[in-house]
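I have placed the structure first, in the form of C-alpha cells, so that the comments after it can refer back to it.
The values are calculated or read from the model by the stated rules, or taken from the named source; none is laboratory data. Model, not experiment: these values are computed from the prediction. Heads up, the Cβs are rebuilt from the backbone with ideal geometry, glycines too, and the neighbour counts pull from every protein chain shown. With ligands, DNA and RNA removed, areas are computed over all heavy atoms of the protein, side chains included. Shrake-Rupley method; radii C 1.70, N 1.55, O 1.52, S 1.80 Å.
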Amino acid sequence: LRLHIDEARGALRQAGIRPASTIEVTGLNGRPLGSTGEAEYSASYIHAIETGGKRDKRTQVAEKAVELAEAELAEHTRQLSADVKYRYVDALAQRQKLETIERLLSVDRESVRLMKARAEEGEIPRLDYELLLVDVSRLEAQKIVAAARTNSALVELRVLLGPDEFLTLSGELPQKTTPYSVQEAQKLALDRSDLRVARILEEQAAAEVALAKAQGRPDITLSAGYSYSSAQFDDPVRRDAAGLPLVLKDRDNALQFGISVPLYGRARNRGSVEAALSRAAAAQLRRHQLHSVIRLEVESAWQRRQAANQAFRLFESGVIGQSEKNLSSIRQAYDLGQVRILDVLNEQRRLIENQMAFIDAKAEATRAYYELERAIGIEIK
C-alpha cells in the first residue's frame with residue numbers, strides 16, 4: 001500500500017504532461033532516378049492544443065488517486081492495528097487459562113501425594129485417592145489443550161506481525177476506561193479513514209465525469225512549415241550557340257500554415273460520460289450508506305463495551321473470590337470428614353469453570369474496548 005502511494009504520485013506527474021509537439025522533415029530528389037535537378041525539401045512544426053481543460057481535469061483525477069492511496073493505507077493500518085490487538089488479547093487470555101490450570105494442578109498433585117499416604121495408612125478410603133487421581137488426569141488433559149490453544153493463538157498473532165517476529169507474552173489483560181460519551185464517539189467516528197476513502201472516491205468519480213465530458217471536445221492541431229523546391233528543364237524554343245536547348249531553372253521558397261480540427265460532436269464520448277456518471281452515483285451511495293452505518297457501529301461497540309464491563313466487574317467482585325472461599329471451606333470440611341471427596345471435586349470444577357469464565361469476561365471487556373477503538377477510528381488514550 002505504501003508503494004501504491006508512490007505509484008499514484010508517478011501517475012500524477014504523468015498526468016500533468018502536455019501533448020508532445022512534432023517536428024517533421026521531408027526530402028525529395030529525382031537524381032537517383034535520372035530526373036536531374038528535381039528536388040524538394042520541407043520542415044514542419046506541429047503543435048497539439050488540448051481543449052476543455054483536459055490537462056487540469058486529468059491532474060485532478062490523479063491527485064484524488066494519491067489521496068485515495070494515502071487514505072487506503074490509513075484504513076488498512078486501522079484494521080491491522082485492531083486485528084493485532086484482538087489476537088494479542090486472545091493469546092494472553094489462553095496463556096492465563098493455562099496458568100490457572102497449572103496452579104490448580106500443582107495443588108492437586110500435592111493433594112494426591114498426601115492422600116496416597118493417608119489411603120495407605122487407612123485413614124481415608126482408597127476410592128477417594130483414586131477419584132482425585134482421575135481428576136488430576138482430567139486437569140492434565142485440560143492443560144495440554146490449553147497449551148495447544150496458547151501456541152495456536154501465538155501463531156495467529158505472528159501471521160499478522162510477520163513470521164520472523166519473535167514474540168513473548170507478558171503482563172495482564174489491560175483494563176481501560178473510555179473517556180468519551182457515545183455521542184462524542186459518534187462525532188469522532190465521522191473522520192474515520194474508511195469514510196475518508198468513500199469521500200475521496202466520490203470526489204474522484206466527480207472529477208472523472210468532468211474529464212469524460214472534456215474528452216468529448218475535439219483537440220486542435222496547429223502546424224507551420226517551410227519548403228524549398230528546385231527544378232530544371234530544357235527551353236523548348238531558345239538555343240545556345242552550340243544549338244543545344246537552354247536549361248531553365250526554377251527555385252521556390254515557401255512558408256505554410258495549417259490548423260486541424262477533428263469533425264465530431266460530444267455524442268462521440270457520450271458512453272464514457274454515462275459510465276462516469278454511473279460510477280459517481282454509486283460512489284455517492286456508498287458514502288451515504290457508510291455515513292449512516294458508522295453511527296450504528298459506534299453505538300453497537302459502545303453497548304458491547306458497557307455490557308462486557310458489567311460482566312467483568314460482577315465476576316471480579318462477586319464470583320471468583322466467593323468461589324475460592326467455597327472450595328477452601330469444602331476442603332476443610334472434607335478433612336474433618338463432614339463431606340465426601342466428590343463434593344470437593346465438584347466444587348473444584350466449579351472454581352475452574354468460574355475462573356475460565358472470568359478470564360473470558362476480562363478478555364471480552366478488553367476486546368470490546370478495542371472494538372470501540374476500531375469503530376471510532378482512533379486509538380483511545
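Of the residues making up segment 21-33, one or more are assigned to a loop (DSSP other than H, G, I, E, B), modelled with pLDDT of 90 or more, open to solvent by less than 70 Å² (accessible area, probe 1.4 Å) and over 28 Å from LYS362 (Cα atoms).
To keep it simple, each residue is scored yes or no on (1) under 30 Å from ASN151 (Cα atoms); (2) touching a residue at least 12 places away in the same chain (Cβ under 8 Å).
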{"site": "GLU40", "(1), (2)": "no, yes"}
{"site": "ILE49", "(1), (2)": "no, yes"}
{"site": "GLN60", "(1), (2)": "no, yes"}
{"site": "LYS97", "(1), (2)": "yes, yes"}
{"site": "ALA117", "(1), (2)": "no, no"}
{"site": "ASP128", "(1), (2)": "no, yes"}
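Among the residues of segment 100-150, those that are open to solvent by less than 40 Å² (accessible area, probe 1.4 Å), of a type in the set (A, V, I, L, M, F, W, C) and within 23 Å of ALA357 (Cβ to Cβ) comprise ILE101, LEU104, LEU105, VAL136, LEU139, ALA146, ALA147.
Report yes if ALA275 is at negative phi, open to solvent by less than 100 Å² (accessible area, probe 1.4 Å) and out of contact with any Leu (no Cβ under 7 Å at 6 or more places or on another chain), otherwise no. Criteria met by ALA275.
Could you list, in sequence order, all residues of segment 118-134 that are assigned to a helix (DSSP H, G or I) and either modelled with pLDDT of 85 or more or within 16 Å of TYR334 (Cα to Cα) (or both)?
Step one: of segment 118-134, the residues assigned to a helix (DSSP H, G or I) are 118-121, 126-134.
Passing the criteria: ARG118, ALA119, ARG126, LEU127, ASP128, TYR129, GLU130, LEU131, LEU132, VAL134.
Taking every residue in segment 276-295 that is under 11 Å from LEU195 (Cα atoms) and part of a helix (DSSP H, G or I) and pairing it with any residue that is among the β-branched types (Val, Ile, Thr) and open to solvent by 70 Å² or more (accessible area, probe 1.4 Å), at least 6 positions away or on another chain, yields no pair with a Cβ-Cβ distance below 7 Å. Can TYR45 be described as open to solvent by 50 Å² or more (accessible area, probe 1.4 Å) and touching an Asp or Glu at 6+ places or on another chain (Cβ under 9 Å)? So TYR45 fits the description; yes. Considering segment 219-249, and only residues there that are farther than 30 Å from LEU263 by Cα and either touching a Lys or Arg at 6+ places or on another chain (Cβ under 7 Å) or of a type in the set (S, T, N, Q) (or both), the residue that is surrounded by the fewest Cβ atoms within 10 Å (Cβ to Cβ) turns out to be LEU246.
Looking only at residues of segment 176-201 that are more than 13 Å from HIS291 (Cα to Cα) and surrounded by 16 or more Cβ atoms within 10 Å (Cβ to Cβ), we find that the one that is modelled with the lowest pLDDT is THR178. Of all residues in segment 287-318, those being over 12 Å from VAL182 (Cα atoms), of a type outside the set (Asp, Glu) and surrounded by fewer than 16 Cβ atoms within 10 Å (Cβ to Cβ) number 11.
Residue pairs whose Cβ atoms lie under 8 Å apart, sitting 6 or more positions apart in sequence or on different chains, and linking a residue in segment 177-193 that is on the phi < 0 side of the Ramachandran plot and among the charged types (D, E, K, R) to a partner that is surrounded by 13 or more Cβ atoms within 10 Å (Cβ to Cβ) and in a helix (DSSP H, G or I), are ARG192/ARG78; ARG192/ILE294; ARG192/ILE376.
What single numbered condition from (1) assigned to a helix (DSSP H, G or I); (2) at positive phi; (3) not aromatic (Phe, Trp, Tyr) fails to hold for ASN326? (2) is the only condition that ASN326 fails. Within segment 158-175, is even one residue assigned to a helix (DSSP H, G or I) and open to solvent by 80 Å² or more (accessible area, probe 1.4 Å)? Yes, segment 158-175 contains at least one residue that is assigned to a helix (DSSP H, G or I) and open to solvent by 80 Å² or more (accessible area, probe 1.4 Å). Exactly one residue among THR77, THR100 is at pLDDT below 90 and in a helix (DSSP H, G or I), and that residue is THR100. Selection of segment 46-84 for residues being basic (Lys, Arg) and over 30 Å from ILE23 (Cα atoms) yields LYS64, ARG78.
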